[in-house]
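Step one of this worksheet: look at the structure below.
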Amino acid sequence: MIIFAHRGMKNEMPENTIPAFKKAFLGGFGIEFDVRMTMDKKVVVVHDSDLWKFTEKHMDVSSVSLAELRRLDVGRHLNLQFAGARIPTIDEVCELITSDLPVGQKAAIHLKYEEQTEEMLQSMAQVFRNYDLYQKALIFDLTLVNAKKLKKINDKIPIALSVGESNYSPTVYRWEEIVSNLDNFNYIWLDEWKIQGSVLNKALINEVHETGKKIYAISPELHREHGHPQSENGYENVWRDLNKWGIYGICTAYPDKLKMTLASESLLIDKE
């Protein structure tokens, strides 16, 4: 199974940084990360558009240059041992993916709705060409319209469609409204926010499999702030079910725990 470490090993290192991604790769995991564009049209890897937690000032990534962004220390606020950590460029992360991504794993690139501009789509298409990422990475959370645009620019880029129990954002679709509109998508990215079993259930997964699309899923703990009932307890049971139902990969904040859970489950099955 592909295990995406959410923003790298974010519980142990500053998230979305080269050290966090290196540690994930050393653990045998893939990675999930976010991209944004600076004022001077450079693509960087950072989750929030507002840089408050690094600067204690409300600054938007799109309003600062790459040079200004690179001067920010994104580790000191967590622990002095991480002082000096910087926001990486997409090129730095892709170089690491090219050299260090474990065999059988992938990188999932989260392109948020507000970043789905023509300039960003063109930039990401070029990144995939420059680093030959087609077998190593995918882009997820695109709208139907922007997935079609990206495929026109570079039809080899793998794209995953986000499917949730409700239209929580312009990029999250309900399965019944898009099941007949999957031409521009290679994968389905199941994203259950609040209602237990509404998306992460065997019946829906079987239905998706019937379309021939492989499935990735967001683990419930990543929706703690949205109130998913299994975000604190019970996500291990979700992992076990998803594994049994043939999920291709899981994005999680706890990649080590997921790996151990699935290994234990395999041993149990072998004993039977």
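Before moving on, here are some points about what is shown:
- Taking all protein chains into account, the per residue accessible area for the chain stands at 46 Å² (1.4 Å probe).
- Histogrammed with a bin width of 10 Å, the alpha carbon distances of the chain distribute as 7, 29, 37, 22, 5, 0 percent, first bin at zero.
- Rounded to 5, the percent of DSSP beta bridges in the chain classed as antiparallel: 15 percent
- When only Cα pairs below 8 angstrom with a gap of at least 6 residues are kept, the chain shows a relative contact order of 16 percent.
- Contact order normalised by residue count of region 93-211, Cα under 8 Å, 6+ apart, percent: 20 percent
- Each eigenvalue of the Cα gyration tensor of region 138-248, multiplied by 5 and square-rooted, gives one semi-axis; in descending order these are 24, 15, 12 Å.
- Here, region 1-66 yields an orientationally averaged convex hull projection of 4.7 nm² when only Cα atoms define the hull.
- Diagonalising the gyration tensor over the Cα atoms of region 67-107 and scaling each eigenvalue by 5 before taking the square root yields semi-axes of 25, 14, 7 Å, largest first.
- Volume of the Cα convex hull of region 1-134, divided per residue and given in Å³: 105 Å³
- Residue-wise HN-Hα couplings along region 23-38, as the Karplus relation 6.51 cos²θ - 1.76 cosθ + 1.60 with θ = phi - 60° gives them from phi, are 5, 4, 5, 5, x, x, 9, x, 9, 10, 8, 10, 10, 9, 10, 7 Hz; Gly and Pro carry x.
- Accessible carbon and sulfur surface of the chain relative to its total accessible area, %, 1.4 Å: 48 percent
- Rounded to the nearest 20 debye, the dipole size of the chain about its Cα centre is 480 debye, using +1 on the Cβ of Lys and Arg and -1 on the Cβ of Asp and Glu.
- Magnitude of the charge dipole, region 4-157, Cβ model with Lys/Arg +1 and Asp/Glu -1, debye to 20: 280 debye
- Scaled radius of gyration (Cα, divided by 2.2 N^0.38 Å) that region 105-188 gives: 1.03
- Selection from VAL208, GLN196, HIS226, by position along the positive dipole direction of region 190-272 (Cβ): VAL208
- Residue-by-residue Karplus 3J(HN,Hα) for region 60-76, coefficients 6.51, -1.76, 1.60, Hz, glycine and proline x: 9, 3, 6, 9, 10, 7, 4, 4, 5, 5, 6, 7, 6, 8, 9, x, 4
- Links that overshoot a 24 Å alpha carbon limit, given the list LYS10/LYS106; LYS53/LYS149; LYS151/LYS244: LYS53/LYS149; LYS151/LYS244
- When the Cα positions of LEU142, SER169, VAL93 are compared along the charge dipole of the chain, VAL93 comes out farthest toward the positive end, with charges on each C-beta of Lys, Arg, Asp and Glu.
- Karplus (6.51, -1.76, 1.60) ³J(HN,Hα), θ = phi - 60°, over region 255-260, in Hz, Gly and Pro reported as x: x, 4, 5, 4, 4, 5
- Computed accessible area, SER264, all protein chains, 1.4 angstrom probe, square angstrom: 70 Å²
The values are calculated or read from the model by the stated rules, or taken from the named source; none is laboratory data. Just so we're clear, the structure is a prediction, and the values are computed from it rather than from any experiment. As a convention, Cβ positions derive from the backbone with ideal geometry for all residues, glycine included, and neighbour counts pool all protein chains shown. What goes into the accessible areas is simple: the full protein's heavy atoms, side chains included, and nothing from ligands, DNA or RNA. Shrake-Rupley method; radii C 1.70, N 1.55, O 1.52, S 1.80 Å.
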